[in-house]
Structures are given as structure tokens and as C-alpha cells.
Amino acid sequence: MGMTMTQKILAAAAGLSEVRAGQLIEADLDLVLGNDITSPVAIHEMDKFATAGVFHKDKIALVMDHFAPNKDIKSAQHCKCVREFACKHEITNYFDVGEMGIEHALLPEQGLTVAGDVIIGADSHTCTYGALGAFSTGVGSTDMAAGMATGKAWFKVPSAIKFNIVGKPSRWVSGKDVILHIIGMIGVDGALYKSLEFTGEGISNLTMDDRFTIANMAIEAGAKNGIFPVDGLAEEYMKEHSSRDYKVYEADDDAEYDEEYTIDLSALKPTVSFPHLPENTRTIDAVGEVKIDQVVIGSCTNGRLNDLRTAAEVMKGKKVAKGVRCIVIPATQRIYLEAMDEGLLRTFIEAGAIVSTPTCGPCLGGYMGILAEGERCVSTTNRNFVGRMGHVESEVYLASPAVAAASAITGKISAPEE
């Protein structure tokens, strides 16, 4: 029996000719990632190890993005801890205020993730890099500590679900709508510890930003990782952003999948996830009248340049509805500058939105957009659990940048104008 794309990458990293689903392996790591919330825990765990250093100063990335610029004393202490660790071990890829961005947008942009890599990160959305044909997955801070010390990690080889992508999406349908549709279809535990493997001719109609979004939210279906084939668009992206060599792996024709689905992009509609689980999806024509108090456009899921372009296209020449707060967060400094050069930031500000420095802030209820009791937010982020963005009696509705921008203008969940 053949191997899936994920299984081939893991076999190579473990120095094995083949692996099977359920097999326990020890694999070499190409990158270990941490942020200002998860890294301090890992650093304190490393203090207990016999080893005195890190396995490779170039293969660790530490990104201060969740509560940076520091929102309070505790977050300042966390960043100080990571900063001192990075200095002590001469970590090459340390990103702080002025250089940082939201980690899962920043690392591909910096060329630190390429096809064939094995990447772990103490953040659940580390699965983002599967868009480039890498195996990447989230781990706990203790596993991050072991990875920084040894350059290795244990994995149980995942089985896989295959998604055959066909067709071409309509104007306002994006990668966010694709993954919300999938999660709504299979549920938040529909892919528990499995690999979501995307294939099919329709992938050519998905931008790299679409693919990053889809891979990013694989974890919201319970998946270990999500992964895309390496086509010309992915290779073009890697050549533009990275000087590293990459390796292309392809699934065998006789690879085994637990389930197979076909997703026709042309049949999809803009989709919204209602509280309090990402699987609670409705198409835009079935939403009804849902008035809102806040809109957030950003995050590691939808804070990239194409996301901002789409939102600005919807909002240009219009005004944010009275009583609605609209917060726009470019995912990296580079994206911020590009959005400024293109006039997108002016469009947002003239519409009555605010533009923030890159941060994860509101996504996890940290800062820059906390919800009060009874408030509702349409957000391009990736989770809408109880209390995710603030008060336990607030509500988060997940949507694409197009729907979020349209909702900011109308003051209720809305589709963009055709």
C-alpha cells in the first residue's frame, strides 16, 4: 500500500523507507516555533533539562505577536523572558516589535517554511504551512522545549482524508468559505488526528492566501495537519520569499484514505460560522437578521494582502454603520506597508475603521477588541468558542473578509454587493 503526502514527508524525516498510519516515529525537525504566550513555558521547561543549549540557532523561530506591543505587566514579563532567551542562545529568527508580525503569516513571508519541511509550533494553527507542501502541526510547550533542545519530535503517523477540489469559485467566495464549508460538513472532530490532504484541478483556482487560510483552519476540524500539493504557484511563492532548498513529495496513486470528498468550488456560497463552534455554519442566504457591534478583519487566518484588498474593495466609498466598531489588522509589517502603498489603509480609515499594528490581540480575547456582555462580532479569525473574544455571553461569527467588510457597512451580517 502506498503513502500519502504527509506520510512520505514523515518517513523521510524519520529516516525510514515507509511509514504506516498509527506508527510511532521520531522525526528530525526543520523548524520549531513559539510565541510570547507559549515560549516562556517551554523556556522554563528547558531549564530542567541536562542540555545547556538549543539544537540549532537558525531553526528556531520566536515571534512576539499575541500581546505585543505589551498590553500589561504580565505580557511584558513574558516577552522579556523570551527576549533574554533569544539573546542568550543567539536565536537568528527572533521577531519583536518593529519586525514582528502574526507568526503564521510572518514565517512564510520570511522564507522560513518550505515544501518538505517538518515543523512544530507551540500554537495550534502551526498547520498553516501545509499550504506550501510542508508537514506542520501544533504541539504543547513541553514538546516545543524538547524540540528546541534536541531537534527531534515524536509523532504518531496520521491517517488521511482526501479532498478533491474542483471548479472555480464565484466572485466573493474565498478560501475561508471553503474551509468553513468543510468544517460544517465533517464537524469539529471529523478529522481527529488525521491529515487533510487536498488535491484536484480546482486548486489552481485558489490563491496562496486561500491555501494558507484553508490549511490554517485544518485544526478546527480536529486534524493533525492540512497539506496541499506543490504546484507552480507554490513554487513561485517559495522562490520569491525563500533562498532555501525545498523538496516536493507526492502521494502515491494507491495511497490509502479513510474518507474521500469532492468539493465543487463553483457550488459554494459565502459562509458564516455561528456561535459557538466553527462547525455551526450557514450560507449567507440562510443567515437571517443578525445585528452586530464589532467587526475584526485580520489574524493568521485572514490578515494577508489579498484579504485586505477584498475588504477595501467592499468598503471603498462607504461608511461603517453607526454603532459598529471595525478593526483592521494587517498580519505583518510588510503587508502593512503594501496596504499603505496601495491606499487600502486610507480606504479603511475614511470608511470609519481603525488600523492596528500586527497582532493576534482580539482573536484570543487578549486586547484590541474585547467584547462586552451581549455584544456580537463578525470576525475573520478562526475560532468562535464561548468567551473566545471576551465576555462569556458575547458572540463571535466567523466569516470571510468580504462578508466581514459588508457587515461593517450594514451593521448586520451581510453579503457584499454584486
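Nonpolar atom fraction for the range 157-215, defined as the carbon and sulfur part of the 1.4 Å probe accessible area, stands at 51 percent. Per-residue packing, averaged as other Cβ atoms within 10 Å, sorts the ranges 96-108, 131-143 into the order 131-143, 96-108, beginning with the highest. Computed about its Cα centre, the charge dipole of the chain is approximately 1120 debye, with only Lys, Arg, Asp and Glu carrying charge at their Cβ. For the pair D28 and T262, label points projected 7 Å from Cα toward Cβ lie 4.2 nm apart.
About its Cα centre, the dipole of the range 56-150 is roughly 240 debye, where the only charges are +1 on Lys and Arg Cβ and -1 on Asp and Glu Cβ. Here the range 69-99 and the range 380-411 have alpha carbon centers that stand 30 Å from each other.
Projecting the Cα atoms of P330, T380, S394 onto the charge dipole of the chain, computed from C-beta unit charges around the Cα centre, puts S394 farthest toward the positive end. Take the cross-link list K322/K412; K48/K80; K8/K176 and give me the ones stretching past 23 Å between alpha-carbons. From K322/K412; K48/K80; K8/K176, over 23 Å: K8/K176.
Counting only Cα atoms, the size of the chain along its three principal axes is 58, 51, 39 Å, in decreasing order. Pull out a ≥ b ≥ c, the square roots of the eigenvalues of the alpha-carbon gyration tensor of the range 336-418, then state rounded if a/c is under 1.5, prolate if not and a/b is larger than b/c, and oblate in the remaining case. Judged from the Cα gyration tensor, the range 336-418 comes out oblate (a/c at least 1.5, b/c at or above a/b).
DSSP beta bridges fully contained in the range 282-418 are about 5 percent antiparallel. Accessible surface area normalised per residue over the chain is 38 Å², counting heavy atoms of protein chains with a 1.4 Å rolling probe. Of all DSSP beta bridges confined to the chain, the antiparallel ones make up roughly 20%. A protection proxy built from the mean count of other Cβ atoms within 10 Å ranks the segments 46-57, 64-75, most packed first, as 64-75, 46-57.
Shown here: the range 60-99, whose C-alpha atoms stretch 26, 17, 13 Å along the first, second and third principal axes, sorted largest to smallest. The Cα atoms of the range 77-222 cover 51, 35, 27 Å along the three principal axes, with the biggest extent listed first.
Put a plus charge on the Cβ of each Lys and Arg, a minus charge on the Cβ of each Asp and Glu, and nothing anywhere else: the dipole of the range 168-304 about its Cα centre is then about 760 debye. Restricting the calculation to Cα atoms, the range 178-305 yields a radius of gyration followed by a Dmax of 16.2, 51 Å.
Measuring nothing but protein heavy atoms, the accessible surface of the range 226-369 at 1.4 Å probe radius is 47 percent carbon and sulfur. Using the Cβ-Cβ distance between E417 and I354 with R0 set to 35 Å, the FRET efficiency works out to roughly 0.90.
Three semi-axes describe the equivalent ellipsoid of the range 241-341; taken as square roots of 5 times the Cα gyration tensor eigenvalues and ordered largest first, they are 32, 25, 12 Å.
The values are calculated or read from the model by the stated rules, or taken from the named source; none is laboratory data. Just so you know, these numbers come straight off a predicted model, no measurement behind them. Ideal geometry is used to build each Cβ from the backbone, glycine not excepted, and the neighbour counts take in all protein chains shown. Side chains included, ligands, DNA and RNA excluded: accessible areas come from the protein's heavy atoms. Shrake-Rupley method; radii C 1.70, N 1.55, O 1.52, S 1.80 Å.
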